[in-house]
Structure formats: C-alpha cells, structure tokens
Amino acid sequence: MRHVLALLLLFMIPAAPGHAADIKPHRFVMPNGLTVLVVEQHALPMVHLQALVKTGSGQDQPDKAGLANLVASLLDEGTTTRSATQLAEQIEFVGGTLDAKASHDFTTATSRVLAKDADLGFELLADILIRPTFAETELARVKKLILGEITAQKDDPGSVAGKAFNRLVFNSHPYSWPVNGTEEALPAITRADVQAFHAKEYLPNRTIVAVVGDVSTEQARALVDKHFGAWQKGPVPERTLPAPAPIDRPVTELIDKDLTQTTLVLGHLGISRTNPDFYAVSIMNYILGAGGFSSRLMDSIRDKQGLAYGVMSHFDAHAMPGAFLVSLQTRNATAAQAFESVLKELNGMQTLPVTAKELAEAKAYLIGSFPMRFDTTNKLAEILCQVEFYGLGLEYFSQYPKWIGKVTAEDIVRMAKQYLHPDRYVLVAVGKLSEAKLSK
C-alpha cells in the first residue's frame with residue numbers, strides 16, 4: 001500500500017512546476033555593432049564580464065586545425081599596452097581573473113573583478129580582445145604547451161575514443177578535429193596566420209558582451225563605450241561551411257590497448273542548438289541516458305546487468321548539428337554485451353511507450369534544475385552570451401519551463417524515431433581487443 005501511495009504522489013508532480021527564472025536582461029547595441037547584455041545583481045560587490053566572439057575552431061582550415069584556439073590562448077599573453085606579466089599582475093593585484101578560450105562555434109574571454117574595480121575589468125578585457133600582440137616568443141611557448149596537452153591525451157582512453165568518434169561522425173567537417181588542433185597542423189601555424197585570423201574574425205559587430213553583477217545598466221553602458229567604443233567594425237566574414245553530413249551505415253573502429261577495461265563510444269550526428277525539437281529531445285535524452293540512476297541505460301547496463309559503473313547519453317548541440325553519443329567503460333570481456341545492450345535501449349526508445357513516471361521525473365528535474373544553470377554571475381554571463389548567439393530570445397529564461405512542460409509522451413517516441421539511429425552509427429572501442437571480442 002505504501003508503494004502504491006508513493007507512486008500516486010509521484011504522478012501528482014506537476015508537469016510544469018513553473019520555476020521560471022526572474023532574469024530580465026537589458027540589451028543594447030553600440031554604434032560599432034557590439035551587442036551588450038546587462039543583468040544587475042547587487043547581492044555581492046562583484047562584476048563578471050564575458051565577451052563572446054562569433055568564431056571558433058569551426059572556421060579553422062584542415063591544415064590550420066587549432067588556429068582559433070591558439071589565437072584565444074594568446075590573447076592574454078601581451079598587448080600593445082601591457083606585457084603578459086603586467087596583465088597578470090594587474091588582475092591578480094585586485095583579486096580578479098582574466099581568461100580566454102575557444103570552442104567549436106565561438107571564442108569567449110572573461111574578466112571578473114570586485115565592483116570597485118569594474119573600470120579595470122572592462123579595460124583589461126577590451127585590451128586583450130582588441131590589442132593582442134601575438135609575440136613570436138609567446139606563440140612558440142603556447143604552441144609547445146598545447147602540443148604537450150595533445151601528447152598527454154594519448155594516454156587517456158576516453159580522449160582517444162572521443163577523438164576517433166568525432167573524426168568518424170563528422171568526417172572532414174571542422175567539428176571532426178579537436179578544438180586544440182592536431183600534432184600535424186599546429187607546428188605549421190605562423191604568427192602571420194594568427195594575426196590574419198584575429199584581424200578578420202575579432203570584430204565588435206561579431207561580438208557579444210554580457211555584464212552581470214553589482215553595476216547599473218547606465219554604468220555598464222558608459223564603461224562599454226569608454227573601453228570598447230573605439231573598436232572599429234569590419235566586414236562580416238563569409239560563412240559557406242555546410243552542415244556535417246550524416247553517416248548512412250554502421251561504422252566501427254577498434255583501437256587495441258593493453259587495458260583492463262574497454263571504453264565504448266557509440267553515436268551519430270545529432271541536432272543543432274536552434275532545432276525547434278531541442279527541448280523535446282532533451283527530455284527524451286534524459287529518459288534514455290542523461291537522467292543518472294533513473295535512466296533506462298543505467299537501469300539496464302548498471303543495475304540489471306552490472307556491466308558498468310556508469311553510462312550516459314548526450315546530445316552535443318552546436319550551431320550546426322553536433323553529436324549524439326552514448327559512452328561507458330566496462331570490463332573487456334563484457335564489451336560486446338554492453339554494446340548490444342546500448343543498441344537494445346536505443347531501439348526501445350523508439351518502440352516502448354514512455355511511462356507517466358518517466359515523463360514526470362524528467363520534467364521535474366529539467367525544470368527544477370534550470371535556475372541552477374545560472375546561479376553564479378559567471379554562469380549567468382556565459383548563458384546570456386549563448387542565448388544571444390543562438391538567437392534563443394531573451395524570453396528563454398521565463399519560457400523554458402513552459403517549453404519543457406508542453407512535451408508529451410507521444411513527442412518523446414516521435415523524437416526517438418526521428419533522432420536516434422540504432423541502424424547507422426559510429427562505434428569506437430578502446431581496450432584489449434583480444435578479450436573484448438568486438439567485430440567490425
């Protein structure tokens with residue numbers, strides 16, 4: 001009786017609890033095309049700035065793989081007004097942070113300071129974005145560091161599997177190579193390449209700046225004008241890259257390593273972040289493998305068969321369709337069984353109905369955890385930039401619960417049939433193949 005009552009209570013969980021976030025950004029565009037988003041938060045005396053430049057490794061040519069990341073890594077290594085040491089000393093003196101990094105679709109640079117040092121935070125962020133020098137000595141040093149990272153990744157079976165998976169899923173598309181580049185391309189990148197990329201791609205009319213913290217919108221506008229106002233706009237770089245092509249058959253790559261466990265990565269092309277089915281797909285994926293211990297993959301592969309400590313599925317949505325993947329580690333001897341079990345669950349998502357309990361739990365988690373995605377100033381600045389970049393609309397913060405809440409059980413099965421492909425996938429296995437008994 002107690003279990004029945006618990007089940008009834010679970011079904012009574014509202015489909016859409018309505019945890020909308022009270023985030024109302026102020027948005028304005030500067031005369032040079034710079035887009036600015038401001039959210040005032042006065043609880044703590046600090047200000048977080050994030051600049052998103054609309055360029056990333058997706059713009060790298062094959063023989064220059066790693067160029068966007070190299071440019072980002074060099075931004076805070078010296079400008080025309082400050083050396084790398086002076087930049088580090090100035091930000092450290094006020095207890096702040098200054099950083100930059102690239103991803104597939106965009107590059108971000110961040111600055112975090114106390115509210116009393118907001119002017120300095122804006123100044124340093126503008127300095128590294130607009131006036132980097134890309135000195136030869138720093139270029140050589142940073143390239144050496146990145147090449148060291150790439151070498152170290154060869155000892156990590158997860159990295160080895162992930163790189164092989166991306167290479168096969170995305171074929172020759174720029175999403176196929178790592179953001180930090182390759183051992184073949186990185187050494188050939190010159191200072192002229194770096195300077196040309198920066199001059200072409202780093203433009204105010206291709207940049208979003210998010211300001212979050214103890215600063216008024218008027219103060220933020222004045223500081224943006226003071227430090228970014230002279231940044232000259234330029235022609236928008238042409239983007240002709242097509243979306244990656246989906247694979248049309250099962251593709252398997254087996255990588256032999258003397259390990260006690262086999263790392264499996266299985267998946268295919270997924271969806272873009274702007275796909276209107278993104279929210280329904282998020283719920284479907286939660287039920288499949290993103291829902292931790294309550295997911296179908298975890299229930300089958302961990303709890304019922306004891307094949308792995310953990311297993312997860314993920315849709316890596318980008319501006320263009322990213323990857324859908326399932327990953328796990330299992331004993332070499334159980335790799336084939338785990339692989340077959342993953343395929344079985346993918347098929348099951350397309351054929352078995354979604355229960356009311358599964359749907360209610362997925363919605364409750366996604367809506368309930370939504371505010372925690374931006375519970376700090378840095379998280380909020382990051383998501384503000386991405387909302388603007390992907391064109392999600394500033395109503396994203398208030399409408400997200402409604403978008404999740406309206407998804408039905410029938411939608412989930414429809415999403416699984418449309419976006420899961422257990423008949424045409426990439427499988428990468430890294431382990432001791434003589435024990436894993438996987439075949440191509």
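The values are calculated or read from the model by the stated rules, or taken from the named source; none is laboratory data. Keep in mind that this is a model prediction, so the values were computed, not measured. Glycine gets a Cβ as well: all are built from the backbone with ideal geometry, and neighbour counts include every protein chain shown. Remember, those area values only see protein heavy atoms, side chains included, never the ligands or the DNA or RNA. Shrake-Rupley method; radii C 1.70, N 1.55, O 1.52, S 1.80 Å.
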Could you please find all residues in region 56-72 being out of contact with any Pro (no Cβ under 6 Å at 6 or more places or on another chain), surrounded by fewer than 22 Cβ atoms within 10 Å (Cβ to Cβ) and more than 17 Å from residue 192 (Cβ to Cβ)? 62
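Being part of a loop (DSSP other than H, G, I, E, B) and touching a residue at least 24 places away in the same chain (Cβ under 8 Å) is the filter; apply it to region 269-296 and report the residue that is nearest to residue 338 (Cα to Cα). Before the answer, list the steps.
If we filter region 269-296 for residues that are part of a loop (DSSP other than H, G, I, E, B), which is where we start, we get 270-271, 273-277, 291, 295.
Add one more test, that the residue is touching a residue at least 24 places away in the same chain (Cβ under 8 Å), and what stays is 270-271, 273-275, 277, 291.
Values: 270: 22, 271: 25, 273: 30, 274: 32, 275: 31, 277: 29, 291: 18 Å.
Checking each candidate, the answer is 291.
Select from region 34-49 the residues that are open to solvent by 20 Å² or more (accessible area, probe 1.4 Å) and either modelled with pLDDT under 95 or of a type outside the set (D, E, K, R) (or both) and list them in ascending order.
Initially, region 34-49 is screened for residues open to solvent by 20 Å² or more (accessible area, probe 1.4 Å), giving 40-46.
Those that are open to solvent by 20 Å² or more (accessible area, probe 1.4 Å) and either modelled with pLDDT under 95 or of a type outside the set (D, E, K, R) (or both): 41, 42, 43, 44, 45, 46.
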Restricting region 198-219 to residues that are hydrophobic (A, V, I, L, M, F, W, C) and more than 19 Å from residue 389 (Cβ to Cβ), the one surrounded by the most Cβ atoms within 10 Å (Cβ to Cβ) turns out to be 215
Can you tell me how many residues within region 73-96 are surrounded by fewer than 20 Cβ atoms within 10 Å (Cβ to Cβ) and in contact (Cβ under 8 Å) with a residue 40 or more places away in the chain? 4
When you go through 248, 303, 299, 258 one by one, which is the residue that is outside any strand (DSSP E or B), under 20 Å from residue 158 (Cβ atoms), acidic (Asp, Glu) and open to solvent by 20 Å² or more (accessible area, probe 1.4 Å)? 258
Any residue in region 196-223 that's touching a residue at least 40 places away in the same chain (Cβ under 8 Å): show its pairings with residues that are acidic (Asp, Glu) at Cβ separation under 6 Å, as long as the two are six or more apart or on different chains. 208/388
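Would you be able to say whether some residue in region 170-185 is more than 30 Å from residue 239 (Cα to Cα), of a type in the set (Ser, Thr, Tyr), more than 18 Å from the chain's Cα centre (by Cα) and surrounded by fewer than 20 Cβ atoms within 10 Å (Cβ to Cβ)? First the steps, then the outcome.
Of region 170-185, the ones more than 30 Å from residue 239 (Cα to Cα) are none.
Checking region 170-185: not a single residue is more than 30 Å from residue 239 (Cα to Cα), of a type in the set (Ser, Thr, Tyr), more than 18 Å from the chain's Cα centre (by Cα) and surrounded by fewer than 20 Cβ atoms within 10 Å (Cβ to Cβ).
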Exclusive hit being open to solvent by 50 Å² or more (accessible area, probe 1.4 Å), under 23 Å from the mean Cα position of the chain (by Cα) and farther than 30 Å from residue 240 by Cβ, set 116, 101, 163, 154: 154
Would you call residue 229 open to solvent by 30 Å² or more (accessible area, probe 1.4 Å), of a type outside the set (A, V, I, L, M), more than 17 Å from the chain's Cα centre (by Cα) and closer than 30 Å to residue 130 by Cα? yes
Does residue 121 satisfy the criteria of being in a loop (DSSP other than H, G, I, E, B) and of a type in the set (Gly, Ala, Ser)? no
Based on this model, can you work out whether residue 428 counts as open to solvent by less than 20 Å² (accessible area, probe 1.4 Å) and under 20 Å from residue 323 (Cα atoms)? yes
Tell me whether region 386-393 contains one or more residues that are touching a helix residue (DSSP H, G or I) at 6+ places or on another chain (Cβ under 6 Å), modelled with pLDDT under 95 and either in a helix (DSSP H, G or I) or open to solvent by 20 Å² or more (accessible area, probe 1.4 Å) (or both). no
